[in-house]
Structures are given as C-alpha cells and as structure tokens.
1. Put +1 on the Cβ of every Lys and Arg and -1 on every Asp and Glu Cβ in the chain; which of ILE398, LEU270, GLY25 then has its Cα farthest towards the positive end of the dipole?
2. Please give the peptides 230-237, 390-397 ranked by average Cβ packing (other Cβ atoms within 10 Å per residue), highest first, as a rough proxy for protection.
3. Rounded to the nearest 10 Å², what accessible area does TRP99 show when all protein chains are kept and the probe is 1.4 Å?
4. I'd like to compare 421-427, 34-40: which one has the highest average count of other Cβ atoms within 10 Å, and what's the full order after that?
5. At R0 = 22 Å, how high is the FRET efficiency between GLU122 and ASP8 if r is their beta carbon distance? Nearest 0.05 is fine.
6. What spacing in nm lies between the two simple spin-label points modelled at ALA424 and TYR469, each 7 Å away from Cα in the Cβ direction?
7. Decide, for the range 248-292, between rounded, prolate and oblate: order the square roots of the alpha carbon gyration tensor eigenvalues as a ≥ b ≥ c, take rounded if a/c falls under 1.5, and otherwise choose prolate if a/b is larger than b/c, else oblate.
8. For a Förster distance of 30 Å, can you work out the FRET efficiency between the beta-carbons of HIS375 and ARG455, rounded to the nearest 0.05?
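The values are calculated or read from the model by the stated rules, or taken from the named source; none is laboratory data. This is a predicted model, so every value here is computed, not measured. Please note: Cβ atoms are built from the backbone with ideal geometry, for glycine as well, and neighbour counts cover all protein chains shown. To get the accessible areas, we keep the full protein, side chains included, count just its heavy atoms, and leave off ligands, DNA and RNA. Shrake-Rupley method; radii C 1.70, N 1.55, O 1.52, S 1.80 Å.
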Amino acid sequence: MDFQKVVDGIGAMACVVSVEDLGNGRAGKYRIVTGNRAYIDSIEKPAPGTEMLTDKFTPNAEYTNYLTRDLNFEDFCYRSAVNKKCLHSYVHPDRFDLWFNMTFLPLEPNEGNLCHCLYIMEINFEPQAKRLSNISGDMASAVLETCIKLRGTRDFEKTMKDVIKDIRDLCDAEHCCVLTMNDISRTCSVLGEAFAEGSKLLPMEKYLDEKFYPIAESWEETIAGSNCLIVKNEQDMEVVKERNPIWHASLTAAGAKSIVLFPLKSRDHLLGYIWAINFNADNAVKIKETLELTTFILGSELGSYLLLDRLKILSSKDMLTGVLNRNEMNNYVDSLSAGAGVLPGGEPDSKPGDSIGVIFADLNGLKGVNDNEGHVAGDKLLKDAAAALREVFSENEIFRAGGDEFSIIVSGVTEEELAQKIQAVRDASKHYDRVSFALGGSVQKEKKNVRAALRKADENMYSDKKLYYDSHPEKNRRAR
C-alpha cells in the first residue's frame, strides 16, 4: 500500500503508525511511518505551545522521538492496527494546553508482524462541548447519573461513596478509590472507596502514613504529560517500574496487576486522584472515555466541595493552634443555651447526662515570652499548650477563647470527673517546655446553664492565676 498517497488524500493532520505485533497482546516498536504536509508541519513548524521533543520529522522513526512515551496512545494504536478497531478519543494531555480530537483507523494488509493504522488529528485551543459529549448512550447515561447525584446531594461524602461504587462496577474493577491531596499539610485522605466482593486488597487507610504523600506526588511524573495512566498488563507495568520503582513495588506488593489512574483537577489545580485496580482490560477504551468525562465533572464538584470545606475550617478553627476558635465556642454556647443536642461541627452529642462542665485554661507567661524572645517563640508556646490540652480532651471540646486563654466545654461530666481532668491537664503540661496553665472549672447540672458555668470557671481560673503570680512575682504582668 502506498501510505504516502493515503495520508496526502486527507485534509486534516494525518500519519500512518506501524505497530510491531509480538503476539499474546504484546507489542514492540511504534513508529510514525509517514505523514502528510499538515502533520509534518505540526512537528517542524509547530504553533506556540505545541512544540514536540524535536522539530525534525524522520520517516519511520519511533513516535517517542517526538513525544514522551504515552501508554494511552500506544493502546489506541495497538487496538486499531492489530485488532482492526476504529477508535476515537478527545483528550486534554497535561503536556499541552490543548485539546486533541483523534481518530484511529485500521489499515490493510499487514506486512509480516507489522500492522498499521491511520492516525488523524485535529487541535482545539479551547474544549468543545460537542466533542466532550460525543460518547455512546450507555456511557452518557452513567456520566449523567454521576452528575445528577453530585449536584443534588446534601451529603457530598456519602454520595461520593455511591459514585465510587458505580465507577467500580463500570470498570469491573477489584478496587476503586478517590484520594484527595492537601498540598499545604502534605497529607492525603480517602474520600471514598469500593471493593469487589471477596477482594483481599487492603483499605487505603492502611497505607496513609507520613510517607505516602511523596508517593502520590510522584504520580504526576509517572503519567508523564498524558491525561491519565492506564496499565493493562505486565508489559505496561514494566513502564511504571521504569518511571516509578517505589510505587511499582508498592502496587505489586498490594496485589495490583492493572490500574487506571486519573488526576482530579479544578481550574488546573490538582485536587487528588481516582483509580481502579485490577479492572477489565477488555473494556479499557470504554473505561478511558467514560472516566475522561466523569473526572471532568468530579474535579469541578470536588473543587467546590473542598473550597467550602476549607472556608468552613477557616471560620471555625484557630489557624495557629488548630483548635476551635472563639466564634465556634460562641455558637456552641448558644446552641447549648437553646437546648440543642449537637456538638461543634453539627454532630449529635452522644454523651449521657444533662450536665455541662467548663474549664478555663489561661497560659502563664506568654507575654513575657513574646516580649523577650519574639512572637515565633510565643507561637510555639501556644502550639505546645494546645497539644497538652489535646492529650486530655477531644478536638471538639477545646476552644481558643482569646490570646492566651483556652476554654474546654465537656458535656455529661461530674464535678469529680472535671477535677480529674484539670489534674490531667497539669500532668500533660509537664510534657512541654514552659507550658503552665492557670485553671478553673465549674459544672452545671443542666446544659442550658452553660453560661453560669462559664462565669464560675472564669472566676476560679483567676483565683488560680493569683496563686501562680503570688508564687512567681517576677512574672506578674501588673507589677511590671
């Protein structure tokens, strides 16, 4: 066949790709045999932002002469050239700020173990909605169902668990998971995951220690400029081993034989990843096309959710110490006074009894540290103080009420139990350099009388503060 004549008869950018068929689903070299003038110009006279690894076209050269190895491109070429499938894809690879409308058409005859396909390409500088939605009816139905579920939910995390289950079923995978990444704290968290019945794979929480974030961070380089990573077999897994040996070892040790991995982004900001492990490789093209559009929707919804979550944290947390702030304390006190049985954050109060206990903990010596050593040392003292309180109380019981003052509100507690907790705070303070509290507590039998408990605890704290300065006159702020 005269391949040059074939591509020259096409107006769009077109080339012929040869695939070396090694049998049993394995392939050798992928080469760009020849191209028409429009295709060759895309290499030798590229538009801004479309530059490849070289600006010289060489007939019959491996495609990796022009771009980083891309398993998705290889998969489509293989299925078209070897399996004689007509394929289409519309993607936005990370290596280019462009959208590629791609068509793969099988060519006959084969030349020994060399199979060929026609690759036709159109470049869009902006995404085209018609192209994005050009999928089959069953895939469109699955994507639309995902969109409706997420857009109408009042419980995003619960709905995400349902969506993940649907995606696992679609991929016929053993495990599917959505992992979010916090680039500030450098931590990862599982938003939802689903397992096939009888799976021996472990939950992701088992792997999420302080060493995992760098592994997740390395996936972007492993994807290598494509829009996703699809590993179908041992040959593809060797590429992962070459690019990311640490992750490869982790994958294989966990029992993963295949994986499809998609980044989740909102406004080009990486939020996390979604993946399916041990999926049905026969459906790789269908899975890729469906997840390309699904992740486009998921990224947008996840971005909105995380933004709201971050705004909620900013409004309720003290950013220095990480404990709840005064605004959250005031809201909680209001709800207790009104008889509402909820904790900060909206969770129901599961502790028995109607009593309420309050402790005021005023950090001794903060002003002296700030004056003599600076605010960095003072900030560290405040963080250590919060850490000492966390050793005794749960996160939703501790509030930073003011500059050097913390308050603790505990429901369902007796006076004896509160006294024990005050002593536990004194003991925990010894674990941190220079942390010392003036402490005062009070218990009311009814939660609605929380304001009375606050007043009494404040009075008792000042009595304890007086004892501290009587024994440490050199630190008395008023004397100075």
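1. So the residue furthest toward the plus end is ILE398.
2. Result, highest mean first: 230-237, 390-397.
3. Spelled out: TRP99, probe radius 1.4 Å, area about 30 Å².
4. 34-40, 421-427
5. 0.80
6. Here the answer is 3.1 nm between the modelled labels.
7. Taking the square roots of the gyration eigenvalues as a ≥ b ≥ c, the range 248-292 is oblate.
8. 0.45
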